[in-house]
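Visitor: There's a structure below that I have some questions on.
All of the numbers you see were taken from the coordinates with simple rules; none came from a lab. Note that the structure is a prediction, hence the values are computed from the model and not measured. FYI the Cβ positions are ideal-geometry reconstructions off the backbone, even for glycines, and counts take in every protein chain you see.
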Amino acid sequence: MAIAAKEGDRSQQLETIFVMPDVLEEAKPELPLSIADFEKAANKSKRQPRSLQGLERGGRSLPAEEILELAPSPQKNQQRRVVILGEPGSGKTTLLAHFAVELAKDNLADNRANNPAQNKLAKSAEPDLLPILISVRDLVGHLDVSILDYLRQFAEKNLEIASLPGGFFEYWLEGGRALILLDGLDEAASETKRRQIAERIELFLAEYPRNPAIITSRPAGYRHDFFRTADMPHYTMQPFDDAKIEEFIDNWYESRIEDPQEAGRWKKSLKNALDEQEAIKQLTRNPLLLTIISLIHRYEAHLPKERYKLYESAVQTLLINWDKKRELEPRDLEYLVPNDFKRLMERLAYWVHCQAIAGEEGEGGTLIEREELIEQLTQYIKELKPMKQLQRYEAKLEAGCFVDYIRERTGLLNEYGVDKYAFVHKTFQEYLAAEEIRYRQEDDDFEEVLEHIEKYLHNSHWREVLLLLIAQQKPKKATKVLRKILEQPTPYESWLHRNLFFAGRCLAEDIEVSDPDLVKNILEQFVDLEAKGHYRVGDRVRSEVFKVLSSLSQTQFDETALELLQERLRDSNKGRLPKYWAAFATKEVATKAILLMLKDESDSVRGSAASALGKLGGKSEAVISKLLSLLKDESDSVRVNAASALGKLGGNSEAVISELLSLLKNESEDVRINAASALGKLRGNSEAVIPRLLSLLKDRSYWVRGEAANALGKLEGDSEALVSGLLSLLKDESEEVRRSAAYALGKLKGDSEAVVPELLPLLKDESDWVCGIAVYVLGKLGDNSEAVITELLPLLKNESKWVRAIAAVALGELGGDSEAVVPGLLALLKDKSEWVRAIAALALSELGSDSEAVVPGLLFLLKDESNFVRAIAMYALSQLGGDSEAVVPELLSLLKDENDLVRGSAASALRELGGNSEAVIPGLLSLLKDDSDLVRSKAADALVKLGKSYGKGAEAIIAQWIEDNRDFENLGDAIDTLWDITSEEEKN
């Protein structure tokens, strides 16, 4: 980021300051059934390891660099592509810059041994990778040329390259030797533009399929149908935890202060300041805000408590204090003085903020052409300096110098592409725009504030501007603002409570309010919604309730809120209290309260308490000891939550590891399972853990063996020893051991070249289960070589239905020669086993085959005698797309099927295929009163997506349905539907 780089022109220190963020892997789209259903459909047996049940659900948290272990995609000859989503300031752009910088270093081969990121990048590529970093913000202005032509133009104009060698980019791209980094899909201003850019990206990646790619976007500007999760894994940037915050602070001061003792004093000072101000510390979980706060601390030596004061200090530091500290004066400015800078930036920020929403087709969000920028500043400068009686040309020259100064010396404005500018981050634009409104208010024109609230209250683009404006109001005016917000005629307020939520966000700014009864009434409304439960209010509303109430922590309202919650939830919904304790109280107080809840007789309360301890992050002996004891709890959910909490805490001390290792010998199967799970999550001391987990693959319980295999796949350390140990177990005389070893190999991320030859002989194993697991692992390893495909194809005719089904899964994932694979899979659609028929349908959808025989074959399965098969066939049809005119009428009839799995699957399929049928919305609405939770949920999801294409008409229909059915006990799904549709409108 520019701010971090400005001090002393130290941009080269990115690598010394940079802290690798974590990302959360999103689950692949859920099938209309689970792996557990596969087992039951196969032979009602429990012989398959339980750990296979959730393989496709994802949800792992991992260091972002691990996504660079570029395993081949399941698609033929295609490298791994991923999408990274992250909130503003979460570090998406910096992460891509880090990858690009690391790859661009000279002497890559010499550096690779000492550079983990380069090692991971190089694992499945040629010795060198060319990083190609593309800003979508700039790309959106060049839609008249191909991406390849844009790259040439950009390199020649912006990188000062007179002329590129002919075919330069083609050489790297066609050889599969480029890492394609596409930053900021959300920077395209409208959904139409974003979709257009996404389509161009897909075409570009399809043209050069051998190159890995990473695409980033804010969630607010992204839709999951831009890139299918099944084709491109999706990850979400995670906030910094305490350890990463401390690492950043250490890096920050070590890179800026040469004297170690002096740097140590500054580090301690900032860490102490954050420990004393929990609200500010929460802000530092965002990397951008952590950078800003570190910068303020460096120059101001203290931290303000209020958010707006923090931004004020940041802007003051960037505009004036930075150069003043180094005794630098603005050059070339003839009429402007430093005291003018903030006022000019306020007016400019407000104007820019208005431009970003001026029209659906505005390019680049807040990206402004230099000429436009100077035109506005010219007028502002003339108005700011009336006594100078400046001529227009004089003001214009001054405006140009001012833009250059702000860009070069302060970092508040950045140049993107050629002569295009934007604020370095929207946070500064929002704060300064709020200051402009407040400036207009200073003549006691409070109507200016109220007018902005009326006009922009539920426009997400203006949310932060309004909050920063309201945070600075005096008590009586703040009270008037709250009443104004609550009185707004917002559509569907009785169901969506958007006015209430905004009022709660205002309280989270710790505003002073002159009417305490008003505050109490607001808090009571929140607690009432919390107490009602998700069946009545919906998951979206309940989630927002928790988010807003939690944000009151460290404000004057937190004690009242917690008291009201305890009073209402103590008897009816006690399991929700631990997370509120974790949110509101200090870590020490919350930990004590939650530890007491671990003794509660309710499984729900104990489980919630264990989860809350994991999120709190405290690593005291008491916490670790209690969580270890919960691994022996009688409740499975409590044990799982305890294992997960131990993993999050990272309590991988020798004492914890030792205790967990001892539990691997416990008589209880469940204790051994959860101890193995916790060891996998800790990822620590693999030298001691690997041998013990390897021995656990010989455990008498297949559940334990499965969890041991899962844990081994997550461990870091001596991968060579791990792979070697697992390979040796493939020859074990025990069928169960061979199977577990094969499964564990599939969980590893290592080089498949050593593993595949050892797995191929298992395809002829006397045990069907060993053979099936080996097939499954081959599919996951992604080796779609002719040798592997040739070995797998005959298994489609194996006597074992388990082997036939898993072979179909593997071939669907690997792709391979579809001319040979598709006929084999089509034949299985008529298999005598319902499980095999279903898996074959699923595999055909994975292949994405456009064979004319596929859709008719799947349509035929809609009349299958098995509900399970019909559900999978509908899912497969929805993934293939194709001829919806033939499919939709069949799906509509199945909405009335007597089986809830079939009804829910029909709703899910219509979500993808039903956009052009007028009968779909009424059909789905009828399912919102279905007896089945699954069916209601699937119908709601479908209505959200289809409702967006129908516009206000669908919104009104759903709202009326809610009104007509207001007494229905399970109204939550319908409210969720309305929430999602209207929320998408706010974003756009």
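Visitor: Taking the Cα-to-Cβ direction at residue 637 and at residue 662 and moving 7 Å from each Cα, how far apart do the two end points lie in nm?
Guide: Each label point lies 7 Å from its Cα, and together they span 3.1 nm.
Visitor: Search the structure for amide H atoms under 5 Å from the amide H of residue 179, placed 1.01 Å from N in the peptide plane, and list their residues when 5 or more places away or on another chain.
Guide: 130, 132
Visitor: What's the exposure ranking of 809, 83, going from fewest to most Cβ atoms within 10 Å?
Guide: So the ranking, lowest neighbour count to highest, is 809, 83.
Visitor: To continue, here is another question. Using each residue's phi in the stretch 391-396, evaluate 6.51 cos²θ - 1.76 cosθ + 1.60 at θ = phi - 60° and report the 3J(HN,Hα) Karplus result to the nearest Hz, with x for Gly and Pro.
Guide: Listing the rounded values in order: 6, 4, 5, 5, 5, 5 Hz.
Visitor: Sticking with the crude label model, points 7 Å out along Cα→Cβ, report the distance from residue 372 to residue 174 in nm, one decimal please.
Guide: About 4.0 nm separates the two model spin labels.
Visitor: Taking H as built 1.01 Å from N, whose amide H comes closer than 5 Å to the amide H of residue 61, not counting residues under 5 places away?
Guide: Here the answer is 25, since their amide H atoms fall under 5 Å of that of residue 61.
Visitor: While we're here: Roughly how big is the stretch 240-322's charge dipole about its Cα centre, with Cβ charges of +1 (Lys, Arg) and -1 (Asp, Glu), in debye to the nearest 20? Show your work: numbers first, answer last.
Guide: Values: 12 positive and 15 negative charges, 49 e Å.
Dipole magnitude for the stretch 240-322 comes out near 240 debye.
Visitor: So, one more: Can you give the net charge of the other residues whose Cβ lies under 15 Å from the Cβ of residue 698, counting K and R as +1 and D and E as -1?
Guide: +1
Visitor: Still on this structure, I have one more. Sorting check: for 596-604, 840-848, which peptide has the highest mean count of neighbouring beta carbons within 10 Å, and how do the rest follow?
Guide: 840-848, 596-604
Visitor: When the label point is put 7 Å from the Cα of residue 512 along its Cα-to-beta-carbon vector, which residues of the stretch 542-571 have a backbone N closer than 16 Å?
Guide: 556-557
Visitor: Spin-label point model (7 Å from Cα, Cβ direction): what's the residue 243 to residue 228 distance in nm?
Guide: With each label placed 7 Å out from Cα toward Cβ, I get 3.7 nm.
Visitor: Which ordering of 945, 480 is given by a fewest-first count of other beta-carbon atoms within 10 Å?
Guide: Ascending Cβ contact count within 10 Å gives the list 480, 945.
Visitor: Work out how much length residue 278 to residue 596 would gain on full extension: take 0.36 nm times their residue separation and subtract the Cα-Cα distance, in nm to one decimal.
Guide: Stretched fully, the residue 278-residue 596 segment lengthens by 112.1 nm.
Visitor: Sorted by average packing, counted as other Cβ atoms within 10 angstrom per residue and highest first, what order do 831-839, 299-307 take?
Guide: Numbers: 831-839: 22.0, 299-307: 15.4.
In descending order of packing, they fall as 831-839, 299-307.
Visitor: Give me a comma-separated list of calculated 3J(HN,Hα) values for the stretch 641-646, in order, Karplus coefficients 6.51, -1.76, 1.60 applied at θ = phi - 60°, integers in Hz, x for any Gly or Pro.
Guide: For the stretch 641-646, the Karplus curve yields 5, 5, 4, 5, 5, 4 Hz.
Visitor: Let me check I've understood the local charge: for residue 250, count other residues with C-beta under 12 angstrom from its C-beta, Lys and Arg +1, Asp and Glu -1. What total comes out?
Guide: Net charge in that neighbourhood comes out at +2.
Visitor: Multiplying the sequence separation of residue 393 and residue 488 by 0.36 nm and subtracting their Cα-Cα distance, what value in nm do you get?
Guide: Length gained, residue 393 through residue 488: 29.6 nm.
Visitor: Suppose a student asked you for the relative contact order of the stretch 240-322, using Cα pairs under 8 Å spaced at least 6 residues apart; what percent would you report?
Guide: The normalised contact order for the stretch 240-322 reaches 25 percent.
Visitor: Next question, about the same structure. Between residue 556 and residue 698, what length comes free when the chain is fully extended (0.36 nm per residue of separation minus the Cα-Cα distance, one decimal in nm)?
Guide: That pair, residue 556 and residue 698, stretches by 45.4 nm at full extension.
Visitor: Could I ask something else about it? Would you order 267, 681 from fewest to most other beta-carbon atoms within 10 Å of each residue's own beta-carbon?
Guide: Fewest-to-most Cβ neighbours within 10 Å comes out as 267, 681.
Visitor: Work from the charge dipole of the stretch 444-549 (Cβ charges, +1 for Lys and Arg, -1 for Asp and Glu, about the Cα centre) and give the residue of 500, 485, 537 farthest towards its positive end.
Guide: Positive-end residue among those listed: 537.
Visitor: Could I ask something else about it? Please turn the phi angles of the stretch 783-798 into ³J(HN,Hα) values with the Karplus equation 6.51 cos²θ - 1.76 cosθ + 1.60 (θ = phi - 60°), one per residue in order, whole Hz, x for glycine and proline.
Guide: 7, 9, 5, 4, 4, 6, 4, 4, 6, 7, 3, x, 6, 5, 10, 4
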